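The values are calculated or read from the model by the stated rules, or taken from the named source; none is laboratory data. Given the structure is predicted, the values throughout are model-derived calculations rather than measurements. Note: ideal-geometry Cβ built from the backbone for every residue, glycine included; neighbour counts use all protein chains shown. These accessible areas exclude ligands, DNA and RNA; they are computed on the full protein's heavy atoms, side chains included. Shrake-Rupley method; radii C 1.70, N 1.55, O 1.52, S 1.80 Å.
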Amino acid sequence: MNSMLALAAAVGAAVSASVAGPLGSGRVTAITNANIVSMDGDGVLEDHTVLLREGKIAAVGPSDLVVPPDGAQVIDADGLWMIPGLSDMHVHWNGPHYGRVLVGHGVTNARNLWGFPGHIELREKALAAPDLDDPLPSLTTAGPIVDGDPPVWPGSTGVADTEAARAAVREQVAAGYDFIKVYSRLSREAFLAITDECAALGVRFGGHVPQSVSLEEALDAGMWSIEHLTEYQPALQGPGSPLNQMDDSERRRLNYWQHGVLLAAGVDDAMMAEVGRMTVASGVWNVPTLIVNRRLSASPETKAELMGAEPMRYISPGVRSFWDPSNDFRLQNVDPADLKRAEENFGVYLRIVRGLHEAGVEFVAGSDTPNPFVFPGYSLHEELELLVEAGLSPYQAIRAATVNPSRMLKQKGEFGRVGPGHRGDLVLLRRNPLEDITATREIEGVVLRGEHFDRAALDAMLDRAAEMAATAQMPGGN
């Protein structure tokens, strides 16, 4: 009994200290009776209360010991499950409705992989208290993609030589972007010039491993992030690799999809441990974007079915046009048989994630929305499900969208956990996501920097996003 009194006194003192001061200096919100997946471990804090003040978590404790102060807004979670707000670490912010769609699906933090000056403005706006009519997740953004000349995507910065590559880095750093996005067609010399300039200026770089560079070279150069597992399949080619048995002229006759099928066929699981060790040693973060790889090679029948999916209402006419296979340059003049084989080979991505995971590699979750049929907000939950299918536990998959993004952005202690001092970014769920990862879809409430949106508010937010999407005209990217 004395120990319980001592615990109550200790918790009470901690709570009093954390919310001390007049309420006028910061409104307090109490979310009571929640089952909290705090991400400080894979356990659950049952029947706990969270106190929020000035956009941050002030205290967490058992509901029978934590008494909300007078004047607090009290929200009874009534046994709902609470997780930290989710992070989508690979998005392309493609419309004025995106903030609403992401927040409406529990995404309170996003990393934009193709940025323009407007994204810097959004990032700064997101630092303020949430606009209840136009909520924005916290945002980190690259500038325009830095690629070879000509680039893959129009609108990228194409660099033909090392001086142009260095100049592109300097310009983006001066403009205020958070990191440099590198891409597939960079020459080896331009890529190494970018890495050198980034090191000199103290800025991070990530994206695609260029085709001119091996995975080992990219890791040695200090890449911050690798998207889509680029260059992992070439690095995992075993002795029986069909591609390695071809000469250069035979390989040049292969189209993109045929090359991909043969790459997948040559992946040797016995090499996973060594490639994983090399990855861990480098400190690089991998963003597998499994969902985009699944959707790019999906059959016409699957895509036709997805056209009727509920989240299509958040897709603007311009992006719908981009999703039309007849308008996607990656799908032009493709033999249906090659596409079918690519779809069947999706499992190689799951094998690579499983093998790297077993070797100790950690991941961050990203969707690559709005590539074809990768829906903003919605598809992050699909990505978490694919990570579990690849061998991660539900806890590890949620970690890839909470704790690991905070570590990747060097903001550990700022978000990604339910604990004092962290941002008040929370998601309330109807079921336990540690038992079934699909529970992350069943959202009853979202807290964004201390502001609570219940299910009715989220529905209204998403309805407004759908209305805005109907008139938005912004194309997609990769």
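What you get for the range 62-195, charging only the Cβ of Lys and Arg (+1) and of Asp and Glu (-1), is a dipole of about 580 debye around the Cα centre.
For K412, a cut-off of 13 angstrom between C-alpha atoms picks up these aspartates and glutamates, skipping any fewer than 8 places away in its own chain: D40.
Among 247-255, 284-292, 363-371, 222-230, how do they line up by average Cβ neighbours within 10 Å per residue, starting with the highest? Don't skip to the end; give the middle numbers.
Details: 247-255: 9.9, 284-292: 25.7, 363-371: 28.3, 222-230: 21.7.
Output ranking for 247-255, 284-292, 363-371, 222-230: 363-371, 284-292, 222-230, 247-255.
Database remark: amide H of G207 closer than 5 angstrom to the amide H of V182, S225, I226, E227 (H placed geometrically; neighbours at sequence offset of 5 or more, or on other chains; Pro and chain starts carry no H).
Cross-link partners for K125 among the aspartates and glutamates, with Cα-Cα distance under 16 Å and sequence neighbours closer than 8 places in the same chain left out: D133, D134, D178, E451. Per atom type, the chain shows carbon and sulfur on 52% of its accessible surface, probed at 1.4 Å. Its relative contact order, with pairs defined as Cα atoms under 8 Å and 6+ residues apart, puts the chain at 20 percent. Per residue, the chain exposes 40 Å² of accessible surface when a 1.4 Å probe is rolled over the protein heavy atoms with every protein chain present.
Summing charges over all other residues whose Cβ lies under 12 Å from the Cβ of R464, with Lys and Arg as +1 and Asp and Glu as -1, gives -3. The aspartates and glutamates within cross-link reach of K303, meaning a Cα-to-Cα straight distance under 20 Å and a gap of 8 or more places when in the same chain, are D324, D328, D335, D338, E343, E344, D368, E382, E383, E385.
Think of the range 326-478 as having a plus end and a minus end, set by charges on the Cβ of Lys, Arg, Asp and Glu; of L384, T402, L331, T402 sits farthest toward the positive end of this dipole. Placing +1 on the Cβ of every Lys and Arg and -1 on the Cβ of every Asp and Glu, with nothing else charged, gives the range 135-190 a dipole about its Cα centre of roughly 120 debye.
Per-peptide packing, taken as the mean over residues of other Cβ atoms within 10 Å, places 197-210, 102-115 in the sequence 102-115, 197-210 from highest down. Remark: for residue pairs K56/K181; K181/K340; K56/K410, the C-alpha separation exceeds 26 Å in K56/K181; K181/K340.
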